[in-house]
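Before any comments, here is the structure.
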Amino acid sequence: MRFVPRPHRGPFRDLPREVAILTAVSFTVALGFGIVAPDIPAFARHFGVSTAAAASVISAFALMRIVAALPAGRLVDRLGEPIVMATGIAIVAVSSIMAGFSGSFTELIVLRGAGGLGSAMFGVSAQTLLLVSVPSEHRGRASGLFAGGFLVGGISGPALGGLVAAWSMRAPFIIYGGMLIVPGAIAAVVLRDGPRRRTEGNPRATRAVAEIAVALRNGAYRAAATANLADGFAAIGVRSAIVPLFVRDVLHRSAIWTGIGFLLVAALNAATLLPGGRLADRFGRRPVIVAGCLVSAGGMATLALVPELGGYLAGLAIFGLGSGLLDVGPAAMIGDILGGQSGTVVASYQMAGDIGAVTGPVTAGYLVDAASYGAAFGLAAGVLGLAAILGLFAPETRWRARPGAPILAVSRVSGTGDGPDSPGLSHESPGSQCRDSVSRQAKLVGHPGGC
């Protein structure tokens, strides 16, 4: 039974119903997280701990997302996306409500760590379901819509959270947990019959380490994961952690200008998502990834070279455009290369972004103390530039993905391989081999071709 019909108009036109549902779920989850996020440091300080200890509550959540990502991916491969998604949302909901009633700092940090575990389960399962549900020709646009749900929810939440926290520091946690009942129910009931792509002829599940080893041999995976790491390093690690201090110490402006700059990034990021997704679907993933890395690097370089208000606004505007492209290109490329153990691959891809987000503040903060703000912004530009180089030499995946013949599929014989032309990666029917032959010939004349 279809609870949500396939829309024929609007941004979800011709997309599977899962895209609209997952976008709504992502918006609700991000809205709730945005409500609670501004309250976390102040609520932690309420227990009489230092500023550093209060900040560790946020780090505990992020660290548990990294630790739990691969186990979450294995659960997705074993149990399916809807079950893991509903369980993850339930863990976040219960831990958030309990955190609102926590009586000590230790209880708070343990419960937020548990929330990070649930968040990893939700994130991996939701993105895996999105990518395996959408055909290649629409995957960029679907990724943009999904990211847009997170972005709009994340922008809206803090404004509401500030108002709620002014009334009670415990209330945001309880409201957040209550809001998650709706997306949890959607995942458990509406999406339970969603599509699951499985690899034919490979009855035994491969181990997570072996699956990642195969992925790392694929140039497309390396490019997408590195771009995600670089975006996490620059967007969260440098922009979120260093820019507020840059505004205060270098520009000598009030926090209002930090808010203006962040709003500018968010607005341009949101404006880029759908056009960027369409570009990735029409021209390929690789140009969008390379352009996103180079434009984002240009924004960071502008912040480093023009340390004044005009340069600050221009740099963040440029960065917002590039970051929007990086929200769609790498994810679409990962979707193109998924094989039978798709949850594990998506988990490792998300881990790359989380690692960038965790290491960015520490590395950039050290450079600010040891050298200058310009050095920190320059490092972020360099990391993005390296990701652009990897993207430039990556294989294009947009026209190589076919239903039933994923690029990254593990052989039951060898368990290794590099791409669709490697022996031992995918066992294809004669029809698939025919499509391959025609496709390779068609590339010579500039179109994908077919049998």
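Return the only residue of G118, G113, G140 being surrounded by fewer than 21 Cβ atoms within 10 Å (Cβ to Cβ), of a type outside the set (D, E, K, R) and in a helix (DSSP H, G or I). Only one candidate passes the filter, namely G113.
Out of everything in segment 293-314 that is over 23 Å from L390 (Cα atoms) and touching a residue at least 40 places away in the same chain (Cβ under 8 Å), what residue ends up being surrounded by the most Cβ atoms within 10 Å (Cβ to Cβ)? Top of the filtered list is L303.
This table checks each residue for (1) part of a helix (DSSP H, G or I); (2) surrounded by fewer than 20 Cβ atoms within 10 Å (Cβ to Cβ); (3) assigned by TED's automatic domain parsing to the domain that holds G356; (4) at pLDDT 90 or above.
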| site | (1), (2), (3), (4) |
| --- | --- |
| P5 | no, yes, no, no |
| I40 | yes, no, no, no |
| A44 | yes, no, no, no |
| A54 | yes, no, no, no |
| A69 | yes, no, no, yes |
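Just wondering, is there one or more residues in segment 216-225 that are at pLDDT below 90 and within 21 Å of the chain's Cα centre (by Cα)? Within segment 216-225, one or more residues are at pLDDT below 90 and within 21 Å of the chain's Cα centre (by Cα). So is R78 modelled with pLDDT under 95, part of a helix (DSSP H, G or I), farther than 27 Å from R45 by Cβ and over 19 Å from the mean Cα position of the chain (by Cα) or not? So R78 passes the test.
Within segment 254-296, the set of residues being among the aromatic types (F, W, Y) and either at pLDDT 90 or above or closer than 11 Å to S323 by Cα (or both) comprises W257, F283. When each of G88, G103, G153, G113 is tested for being outside the structural domain of I260 (by TED's automatic domain parsing) and in contact (Cβ under 8 Å) with a residue 60 or more places away in the chain, the lone residue that passes is G153. Test A166 against the criterion of being touching a residue at least 24 places away in the same chain (Cβ under 8 Å) and among the small types (G, A, S), and give yes or no. Criteria not met by A166.
Residues that are farther than 17 Å from R398 by Cα and at pLDDT 90 or above were ranked within segment 320-342; the one that is surrounded by the most Cβ atoms within 10 Å (Cβ to Cβ) is G324. Restricting S50, S59, S26, S95 to residues that are over 24 Å from the mean Cα position of the chain (by Cα) and either hydroxyl-bearing (S, T, Y) or not assigned by TED's automatic domain parsing to the domain that holds S119 (or both) narrows the list to S50. Quick check, is V345 part of a helix (DSSP H, G or I), touching a helix residue (DSSP H, G or I) at 6+ places or on another chain (Cβ under 6 Å) and either surrounded by fewer than 22 Cβ atoms within 10 Å (Cβ to Cβ) or modelled with pLDDT under 95 (or both)? It is true that V345 is part of a helix (DSSP H, G or I), touching a helix residue (DSSP H, G or I) at 6+ places or on another chain (Cβ under 6 Å) and either surrounded by fewer than 22 Cβ atoms within 10 Å (Cβ to Cβ) or modelled with pLDDT under 95 (or both).
Residues in segment 159-177 that are assigned to a helix (DSSP H, G or I) and either outside the structural domain of L130 (by TED's automatic domain parsing) or surrounded by fewer than 17 Cβ atoms within 10 Å (Cβ to Cβ) (or both): A159, L160, G162, L163, A166, W167. Filtering I97, I89, I58 for residues that are in contact with a Leu (Cβ under 8 Å, 6 or more places away or on another chain) and of a type in the set (V, I, T) leaves a single hit, I89.
The set of residues from segment 275-286 being crowded, with 18+ Cβ neighbours inside 10 Å and part of a helix (DSSP H, G or I) comprises G276, G277, L279, A280, D281, R285, R286.
The values are calculated or read from the model by the stated rules, or taken from the named source; none is laboratory data. Note that the coordinates shown come from a computational prediction; the quantities given were computed from them, not determined experimentally. Positions of Cβ are backbone-derived with ideal geometry, glycine not excepted, and every protein chain shown enters the neighbour counts.
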